[in-house]
Amino acid sequence: MREASQGTEPSALPDPMQAWLRHLETNRRYSPHTLDGYQRELHFLRELADKARLPLDKVSNGHIRQFVARLHAQGRGPRSLARTLAAWRGFYQWWAPAAGMAGNPVAGVRAPKAPRGLPKALSVEHTQALLDRAPAKVANEATALRDQAMLELLYSSGLRLSELVGLDLRYVRTADYESRGWLKLDEAEVEVLGKGGKRRSVPVGQAAIAALQKWIAARPQLAPPSAAPEDAAALFLGTRGKRISPRVVQLQLAQIAQQAGLPTHVHPHVLRHSFASHVLQSAQDLRAVQEMLGHANISTTQVYTRLDFQHLAKAYDQAHPRAGRKS
């Protein structure tokens, strides 16, 4: 067993805790990094139990809640406390039966909820700069036409990365393969299979349609004469003629954003967030945005109203005669 960080020694832990860590290392093949983290969390548990003059097998659910409250009062955040409870819960799940305890004292104890951060969205101006960069090679190179079509489609339809790479050129059904998502160019829509097997149709804007038409015309340059059915059907191809991988999309987008001079790292989900934020700013129709994004619950979509409020607040600060004045 590796020694823990910050100078703590494994021998400082009681035998049951050391035995559990050895079990994780030997039988479960946990990484040294994970074991070090668990060891630190067990030190917290031992210290708190010692201060309360409690043997480990006498710790109750109420004691665990008190310990968590104490750590929270000392400045431990929700995510840190969640990791602490995970370690404690795992230890007692393993040791409580052997110790003759009635149950796991950590069962049912949850860390405080972490405040939900706002999704990262580009401004309309930065999105336009990304999509309208129009380098000369876009008109000639198949990969550049492909990248432009992918970016336009991500922003036009708010697709998840997995949904984008899973799209086929059209619906295909054979004995060996059936499409999960596909482009319906004549109807200006894409049909996608999202999370939880939920299928939806999403509109595709004219700029994306134009970019897709140019890419489809150039697509044969990357398509090999013979390919596996799932590659032959794919809308977007890599340079080797296979269905494009999520990682390639991420790398291409990051490079294009850097070339366009954007001041932030851009990944595919940023374009999904930007789509939702910009549509909501214009249409104010939360249910429509929920449907287009494929969210099961409206609460997931409501986070974009906070982005919309930020947009309105910024406009207010810039436009209201007395917004920037102190009373």
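The values are calculated or read from the model by the stated rules, or taken from the named source; none is laboratory data. Here the structure is a predicted model, which is why all the values come from computation and not from measurement. Note: ideal-geometry Cβ built from the backbone for every residue, glycine included; neighbour counts use all protein chains shown.
Of note:
- Summed over the stretch 229-249, residues that are under 23 Å from residue 266 (Cβ atoms) and of a type in the set (D, E, K, R) total 2.
- If the condition is being of a type in the set (S, T, N, Q) and surrounded by fewer than 17 Cβ atoms within 10 Å (Cβ to Cβ), then the stretch 163-182 contributes only 174.
Okay, residues lined up against (1) of a type in the set (Val, Ile, Thr); (2) surrounded by fewer than 17 Cβ atoms within 10 Å (Cβ to Cβ); (3) touching a helix residue (DSSP H, G or I) at 6+ places or on another chain (Cβ under 7 Å):
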residue	(1), (2), (3)
184	no, yes, no
191	no, no, no
202	yes, no, yes
211	no, no, yes
224	no, yes, no
229	no, yes, no
268	no, no, yes
273	no, no, no
277	no, no, yes
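- Residue in the stretch 249-266 that is within 30 Å of residue 175 (Cα to Cα) and at pLDDT 85 or above present: yes
- Here residue 230 qualifies as among the acidic types (Asp, Glu) and modelled with pLDDT of 90 or more.
- Tallying residues that are of a type in the set (Val, Ile, Thr), part of a loop (DSSP other than H, G, I, E, B) and within 17 Å of residue 159 (Cα to Cα) within the stretch 229-266 yields 2.
- Meeting the requirement of 1 or more residues that are within 19 Å of the chain's Cα centre (by Cα) and closer than 19 Å to residue 249 by Cα, the strands (runs of 3 or more DSSP E) wholly within the stretch 137-221 are 189-193.
- Residue in the stretch 30-37 that is in contact with a His (Cβ under 8 Å, 6 or more places away or on another chain) and at pLDDT 90 or above present: no
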